[in-house]
Amino acid sequence: MERQEFDEIILKNAESFFDYFRLACIAVRNEKVDETSAFLEKTFEKLGAKKVEQWREEGANPVVFAEFSGKSKETILFYNHYDVQPPEPVEEWNSDPFEPTIEDERLIVRGACDDKGELVMRLALLKYFNEHGGLPVNVKFFVEGEEEVGSPNVEKYIQAHLDELKCDACIWEGGQKDANERFEIVGGLKGIVAFEAEVKTSNDDLHSSKSCYAPNAAVRLTKGLASLFDDSGKILVEGLNLTEDSLDRTERALVKKMRCNQKELKENDGIIEDLITDDVSSALVCEPSLSINGLSAGYEADGIKTIIPGFAKAKLDCRLVPGQDPEESFEKIQAQLEKNGYPDIRLTYLTGQPGYRSDVHSPFVKMVLKQAEEIFGADGTSYVLNSPIAGPAYAFGRNLKVPIAGFGIGYPGQKMHAPNENIRLSDFCDAAWYLKCLLEKYR
């Protein structure tokens, strides 16, 4: 089949699943969970799955499992999630956040890239195969509803359904083209630990005239958190920083080949200050990161209220390199604050996930990369050892013991988690064509 004809079919197929975007399933608010999982169950049934189930025995948001028969004995497992981020601030959207809108050859909607659009691409390809000779391999789907709150029950579900999830390889939820327009193959994910920091300097807020002698909780907290970074923004936590020294020659070469386009990155992200590193590729793959997500203290409403905050709080997360333990990393940050003279700043652990990295020497990983190079060219393809984004890949890798690779429909301007989240239709088609060719090659 000619590529142009395929693109037309896949885009038309995708439109038949646009009701999926309209279901505002937000796990953090427990909204539309049952409606969305039921929609997926019916969708898989209509597409001809030989088995569709909702797994609920762990008491969490249901996992939708589906299984399809192909023409060979090989089995691919797809991981996706059906929950999305809240749309706020809604006023910054140019259209309804949950109404699929096509503008300038882009699909704009919450979940366009993370992660509903990725599943829609796979569903559109399933429909294509149904109408063009059938699936070349067996495929299974594991679609969860808690990824945006840390996937706290995924490993329990996997361990309870090991037989149903048996496969030869796992294809992860998605990916993107990089700032150099190269199609990325991703072999894993960073880990994460999310936590809160708080400090109390007085039982109540005080009149600001007392600033000449009274401590300020907001100042105390911000100074303490600032002590965890050097002037450029690099992390100063003993035992937390790692380098790429643990990588073998092949892995180091792959990191070097990434050649992140710093100018494009700044433009796409809207960064107006200098980047905090000259080696973005190594930082994304081989270094942990520590982020202050938000700060709260004192009076924050309109107008004036002259006080000294007696209490201050912050939310933070740390992205971890595969091999770093979330709880141990959390303890190192608390220990560093105490060493820096801030024992009164107490941290509260919220959630954490370890990272995961596939073996780049795996035959499946090699085949995935080779197929990408055949379609997009060696210079048009980039292999990323692990994405800086977190997710439960570790649970699949260590329990199913299969290689994992991710790729998808995104691009640097996709505005993931932000207003006007979007994908380019051309990238949607490129990823679908690549997946079609990969499944045909794998049988």
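The values are calculated or read from the model by the stated rules, or taken from the named source; none is laboratory data. Everything numeric here is computed off the predicted structure, so don't read it as measured data. Note that we place each Cβ from the backbone using ideal geometry, even for glycine, and neighbour counts take in every protein chain shown. Side chains included, ligands, DNA and RNA excluded: accessible areas come from the protein's heavy atoms. Shrake-Rupley method; radii C 1.70, N 1.55, O 1.52, S 1.80 Å.
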The chain: relative contact order in percent, alpha carbon pairs under 8 Å with at least 6 residues between
25
Could you please state how large a percent of the accessible area of the range 373-421 is carbon and sulfur, counting protein chains only and using a 1.4 Å probe?
52
In sequence order, what are the phi-derived ³J(HN,Hα) couplings for the range 349-366 according to the Karplus relation 6.51 cos²θ - 1.76 cosθ + 1.60 with θ = phi - 60°, rounded to whole Hz, with x for glycine and proline?
6, 9, 7, x, 9, x, x, 8, 9, 6, 6, 5, 8, 4, x, 5, 4, 4
Going by Cα centres, the range 146-160 and the range 377-415 are how many Å apart?
18
From the protein chains alone at 1.4 Å, what is the descending order of accessible area for GLU374, GLU147, GLU198, largest first?
GLU374, GLU198, GLU147
Keeping every protein chain in place, order THR277, THR250 by accessible area at 1.4 Å, biggest value first, i.e. largest first.
THR250, THR277
Per-residue ³J(HN,Hα) for the range 128-142, Karplus 6.51 cos²θ - 1.76 cosθ + 1.60, θ = phi - 60°, Hz, x for Gly and Pro
4, 5, 4, 9, 9, x, x, 5, x, 9, 6, 9, 10, 10, 10
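Once you keep just the Cα pairs under 8 angstrom separated by 6 or more residues, what percentage relative contact order results for the range 299-443?
Details: 103 pairs, mean separation 27.1, N = 145.
With pairs under 8 Å counted, the relative contact order is 19 percent.
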Starting with the highest mean, order 172-180, 336-344, 73-81, 254-262 by the number of other Cβ atoms within 10 Å, averaged over the residues of each peptide.
172-180, 73-81, 254-262, 336-344
Using amide H atoms built 1.01 Å from N in the peptide plane, name the residues 5+ places from LYS51, or on other chains, whose amide H lies under 5 Å from its own.
GLU67
Multiply the residue separation of HIS207 and GLU53 by 0.36 nm, subtract the distance between their alpha-carbon atoms, and state the gained length in nm to one decimal.
49.4 nm
Pairs beyond 29 Å (Cα-Cα), from LYS234/LYS263; LYS12/LYS42; LYS32/LYS305; LYS266/LYS339; LYS166/LYS257; LYS12/LYS177:
LYS32/LYS305; LYS266/LYS339; LYS166/LYS257
If you find the alpha carbon centre of the range 1-51 and of the range 174-204, how far apart are they in angstrom?
27
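Ignoring ligands, DNA and RNA, what percent of the accessible area of the range 230-331 is carbon or sulfur (1.4 Å)?
Numbers: 2980 of 6190 Å².
Carbon and sulfur together cover 48 percent of it.
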Quick one: accessible surface of LYS32, probe radius 1.4 Å, all protein chains present, in square angstrom to the nearest 10.
90
Around VAL90, with a cut-off of 15 angstrom between Cβ atoms, what is the net charge of the other residues, counting Lys and Arg +1 and Asp and Glu -1?
-4
Tell me, in nm to one decimal, what length is gained between ALA253 and GLU338 on full extension, where the rule is 0.36 nm per residue of separation less the Cα-Cα distance?
26.7 nm
Would you mind computing, in nm to one decimal, how far apart the modelled labels at SER232 and GLU164 are, each placed 7 Å from Cα along Cα→Cβ?
5.0
Label 7 Å along Cα→Cβ of LYS266; the range 274-295 residues with amide nitrogen under 14 Å?
274-280
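Tell me the per residue accessible area of the range 24-163 using a 1.4 Å probe; a whole number in Å² is fine. All intermediate terms of the calculation are to be shown ahead of the outcome.
Working: 5440 Å² over 140 residues.
Per-residue accessible area for the range 24-163 comes out at 39 Å².
State the antiparallel share, in %, of DSSP beta bridges confined to the chain, rounding to the nearest 5. Working shown, then result.
On the way: 49 of 68 bridges.
About 70 percent, rounded to the nearest 5.
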Counting only C-alpha contacts under 8 Å and six or more residues apart, can you give the relative contact order of the range 25-114 as a whole percent?
22
Could you compute how much accessible surface ARG22 exposes when probed at 1.4 Å, giving the result in Å² to the nearest 10?
100
